[in-house]
4 protein chains.
Amino acid sequence: MPPVFILVNLKTYLEGTGQRAHRIAAAAREVAEESGAMIGIAPGYMDIHPVSHHYEVPVFAQHVDGVSPGAYTGHITAEAIRQAGATGSLVNHSERRLTLAATEASVVALRQKKLISVLCTNNTPVSAAAAALGPDYVAIEPPELIGSGVSVSKANPDIIRTSVEAVRSVNDRVKVLTGAGIQSGECVRIAVDLGTDGVLLASSVVKADDPGQVLRDLVSKL
Amino acid sequence: MPPVFILVNLKTYLEGTGQRAHRIAAAAREVAEESGAMIGIAPGYMDIHPVSHHYEVPVFAQHVDGVSPGAYTGHITAEAIRQAGATGSLVNHSERRLTLAATEASVVALRQKKLISVLCTNNTPVSAAAAALGPDYVAIEPPELIGSGVSVSKANPDIIRTSVEAVRSVNDRVKVLTGAGIQSGECVRIAVDLGTDGVLLASSVVKADDPGQVLRDLVSKL
Amino acid sequence: MPPVFILVNLKTYLEGTGQRAHRIAAAAREVAEESGAMIGIAPGYMDIHPVSHHYEVPVFAQHVDGVSPGAYTGHITAEAIRQAGATGSLVNHSERRLTLAATEASVVALRQKKLISVLCTNNTPVSAAAAALGPDYVAIEPPELIGSGVSVSKANPDIIRTSVEAVRSVNDRVKVLTGAGIQSGECVRIAVDLGTDGVLLASSVVKADDPGQVLRDLVSKL
Amino acid sequence: MPPVFILVNLKTYLEGTGQRAHRIAAAAREVAEESGAMIGIAPGYMDIHPVSHHYEVPVFAQHVDGVSPGAYTGHITAEAIRQAGATGSLVNHSERRLTLAATEASVVALRQKKLISVLCTNNTPVSAAAAALGPDYVAIEPPELIGSGVSVSKANPDIIRTSVEAVRSVNDRVKVLTGAGIQSGECVRIAVDLGTDGVLLASSVVKADDPGQVLRDLVSKL
């Protein structure tokens, strides 16, 4: 059984930008070693190069455009994040939506560069559709849980369960992450028990006084 | 076996706007009666009301937003097109792309109002993803055929064949339209032989001197 | 001095869709005749044709794309709204933003069809920029007032005053509307006293049990 | 008189990504020292940090979002590019358009971080509107010249001349760049003679076998 995957999205939080991204990367590295969990971080684009060169930690972009190198000012190519040292990318995060065609193009572009794709979705039918595109991971972010501070265990966990089933029935090679409502080790445990392969989370780690302590708590029930 | 469906997208062509939309609606009505084919037209939003009130022809919107009635200035609700007399709508046309989440919301909004959804796609994996959303139709528009004047019979028809298979394997209640490369009755015949339930086309009817004649040709090999 | 302009945006409110748009159009017509104010309504696209054919009231689209007739599925051309009977259009409403280049193209497209452009803005520098594009009206919608129920008279009216100055200094042929925070005749009076040529408003009329009564109140202090 | 500004946009060209961006930065540094011209480069986001740390050359982002640090996954904040070492940013490039409101927000965000804003425009009225937002530079990219290989000197230079006048009449502290149609030192000379303060260009430098040689030619007639 592969290790549980914990992916920390640094968004554009000040607490996760520049030198402060390094602090989180260092903590991720340490807790991953201690626990055997796979812990990745998704910093801002500008921090992908320095973080991936200073820490042995899987670094993800927060978004990638499915365009080839060329006349695409301001866009993010899979080639460019790969050269900067990234391991993969989020695609279609709730704060950075893509068209259906562009989503597919991003997943394909990542696959061609042997980068890991984490495709974000908002409900069960969208998760099924996402699975049909063949990403490495589908990360389900139920809108009612995003940034709510409400634990997935207290909210109705059915959306996770039905999404896992929907993804598996379309393409059983696609892994699933619980993408919102993760505050603690208890939540991670529930996410895994619901059949997902890990979690995608943000503020509870990034805004913590001690990110390492939060990460240790997150992996504590595995 | 249900009748073949021929859906004519009037786009924003001058030849399909205002009074000139009526001419095409009248031809569609006439040829549908003669042939038994189902012929729908998708005029501009402003023409949905007058056309649907003057002609017994299925009228489609060219786009619909998956939003509820409310503070959505400039948007198109399923409720509003229904009240205007529409039978259904295109969704995610290549000239009016939506995010994956918005695409799903549009399909759901149409379904809730008992309107027909025709969801446009650009390749095989996207067609599979579209099928997972459960629209009434998936219309495959291979980008290399859009507006090309190249017949689907002369281009590689494999994208249609593999898309039909992909759609069926995900959700076999979803019907499929060939959405580009349709110039003649021969093309419609091939589209049906490739396993699709009809065609989505535009300029060859809209820009014709005699739309009725073109429509008669389109249904001539059925 | 030209009459004060009161433009009622029906958005996609159920209370302003289909037959219910007619009720508001009838009230607008009546109160305009009684008072001498210019009262326009901006219904959904599908209602432009029936409303403009049944009522002698200036009808506006809620959005227009600055594209020529052609292969623009799901778009709104100035030509199409003109043929449907519109007098003008909102452009760049806060719920339907456009790029700077597309905003300019919409204003030009409306001007070429002799339609009135009402270009929405959110603050003083944007209002100055908007004026440089030469629309007929700039409608200032301070974000903190939109849908707030807070009257422009109680909030800080400086944004209206500085926007009027900024617009006039760039192009003094451009008229200005107060685009948010309008609840009553008192608010309209203040809007005019602040130097604007009228108001753009929505829910207080559209959602009223008796839209005519609200419109009468709005013009009561002029 | 300030030095002429030559800004090289590396877009997402392979020839300007990763290590290959360094080669162009080195050439820019060298030719700037020799000639006294100000030569900046705008690499991909991931290359801002390494390039600005290895070369004494003004580094620009290709785009910036006018959002504050926070929950904006996949976005680019002014704070983040500043921390990575950037001197400024392009805004609203023709390949990365923004809404009018977002354009203003980006210009303000850059100003607050004391970063240089280069706001791209497509014609004379849009240039006037851009000037009203108070960026440091307006870069005019006439659509018919972008990537055309046609020199601004051979095409009609009137759009540059009228744009300079329009910008100056709205805000005479805003400097202007000629943003397309620059192939040679002769073109740069013409751009300066037309009243602009420099040029924005891309492929002729980025795709050159010897970028330093092209840069030397560009500054040769100053």
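Against the conditions (1) open to solvent by 10 Å² or more (accessible area, probe 1.4 Å); (2) in a loop (DSSP other than H, G, I, E, B); (3) among the β-branched types (Val, Ile, Thr), residue B:152 satisfies every one except (1). Among the residues of this structure, residue D:80 counts as one that is under 22 Å from residue A:147 (Cβ atoms), facing chain A (nearest Cβ under 7 Å) and modelled with pLDDT of 95 or more. Can you spot a residue in the range A:9-16 that is modelled with pLDDT of 95 or more and farther than 16 Å from residue A:207 by Cβ? No: zero hits.
Within the range D:35-44, the set of residues being touching a helix residue (DSSP H, G or I) at 6+ places or on another chain (Cβ under 8 Å), under 18 Å from residue D:177 (Cα atoms) and within 14 Å of chain A (Cβ to nearest Cβ) comprises D:41 only.
How many residues are assigned to a helix (DSSP H, G or I), polar (S, T, N, Q) and open to solvent by less than 10 Å² (accessible area, probe 1.4 Å) when one looks only at the range B:5-26?
Of the residues in that region, 0 qualify.
Give the residues of the range C:112-136 that are of a type in the set (Val, Ile, Thr) and open to solvent by 30 Å² or more (accessible area, probe 1.4 Å), sorted by residue number. If the condition is that a residue be of a type in the set (Val, Ile, Thr) and open to solvent by 30 Å² or more (accessible area, probe 1.4 Å), then C:116, C:124 are the ones that fit.
A single member of B:102, B:139, B:109 is open to solvent by 20 Å² or more (accessible area, probe 1.4 Å), within 14 Å of chain C (Cβ to nearest Cβ) and outside any loop (DSSP other than H, G, I, E, B), and it is B:102.
Among residues of the range B:188-199 that are touching a residue at least 60 places away in the same chain (Cβ under 8 Å) and farther than 13 Å from residue B:220 by Cβ, those with a Cβ under 8 angstrom from a residue that is outside any helix (DSSP H, G or I) and open to solvent by 30 Å² or more (accessible area, probe 1.4 Å), sequence gap 6+ or separate chain, pair up as B:197/B:2; B:197/B:175; B:198/B:38; B:198/B:175. Scanning the range C:120-136 for residues that are more than 9 Å from chain D (Cβ to nearest Cβ) and more than 17 Å from residue D:171 (Cβ to Cβ) yields C:120, C:135, C:136. Restricting attention to the range A:27-79, the residues being crowded, with 24+ Cβ neighbours inside 10 Å and farther than 22 Å from residue A:15 by Cβ number 5.
Which of the residues that make up the range C:67-92 are more than 26 Å from residue C:6 (Cβ to Cβ) and not hydrophobic (A, V, I, L, M, F, W, C)?
First, pick out the residues of the range C:67-92 that are more than 26 Å from residue C:6 (Cβ to Cβ): C:67-75, C:77, C:79.
Of everything in the range C:67-92, those that are more than 26 Å from residue C:6 (Cβ to Cβ) and not hydrophobic (A, V, I, L, M, F, W, C) turn out to be C:68, C:69, C:70, C:72, C:73, C:74, C:75, C:77, C:79.
Against the numbered list (1) within 17 Å of the chain's Cα centre (by Cα); (2) within 12 Å of another protein chain (Cβ to nearest Cβ); (3) more than 25 Å from residue A:86 (Cβ to Cβ), residue A:145 comes up short only at (2). Any idea which of (1) within 30 Å of residue C:146 (Cα to Cα); (2) of a type in the set (S, T, N, Q); (3) more than 7 Å from every other protein chain (Cβ to nearest Cβ) is the one residue B:73 doesn't satisfy? (3) is the only condition that residue B:73 fails. Tallying residues that are out of contact with any Leu (no Cβ under 8 Å at 6 or more places or on another chain) and among the aromatic types (Phe, Trp, Tyr) within the range C:60-77 yields 1. Taken over the range A:45-70, residues that are over 20 Å from residue D:20 (Cα atoms), within 7 Å of chain D (Cβ to nearest Cβ) and of a type outside the set (S, T, N, Q) amount to 1.
Name the residue, out of B:118, B:67, that is in contact (Cβ under 8 Å) with a residue 12 or more places away in the chain and in contact with a Gly (Cβ under 9 Å, 6 or more places away or on another chain). Spell out how you get there, then give the answer.
Numbers: B:67 fails: in contact with a Gly (Cβ under 9 Å, 6 or more places away or on another chain).
Of B:118, B:67, the one residue that is in contact (Cβ under 8 Å) with a residue 12 or more places away in the chain and in contact with a Gly (Cβ under 9 Å, 6 or more places away or on another chain) is B:118.
Of C:132, C:128, C:101, all but one fail to be under 22 Å from residue B:96 (Cβ atoms) and among the hydrophobic types (A, V, I, L, M, F, W, C); the exception is C:101. Restricting attention to the range C:201-220, the residues that are loosely packed, with under 15 Cβ neighbours inside 10 Å and within 16 Å of residue C:33 (Cα to Cα) total 2.
In the range D:83-93, how many are buried (at least 21 other Cβ atoms within 10 Å of the Cβ), of a type in the set (S, T, N, Q) and more than 7 Å from chain A (Cβ to nearest Cβ)?
Initially, the range D:83-93 is screened for residues buried (at least 21 other Cβ atoms within 10 Å of the Cβ), giving D:83-84, D:86, D:88-93.
Now restrict to residues that are of a type in the set (S, T, N, Q): D:83, D:89, D:92.
Remaining after also requiring more than 7 Å from chain A (Cβ to nearest Cβ): D:89, D:92.
Qualifying residue count for the region: 2.
Give the residue that is surrounded by the most Cβ atoms within 10 Å (Cβ to Cβ), with candidates limited to residues of the range B:163-200 that are within 13 Å of another protein chain (Cβ to nearest Cβ) and hydroxyl-bearing (Ser, Thr, Tyr). Per the criteria, the residue is B:163.
The values are calculated or read from the model by the stated rules, or taken from the named source; none is laboratory data. Note that this is a predicted model, so its numbers are computed, not measured. Here the Cβ is made from the backbone with ideal geometry for all residues, glycine too, and neighbour counts use every protein chain on show. Each accessible area value is taken on the protein alone, full model and side chains, heavy atoms only, with ligands, DNA and RNA left out. Shrake-Rupley method; radii C 1.70, N 1.55, O 1.52, S 1.80 Å.
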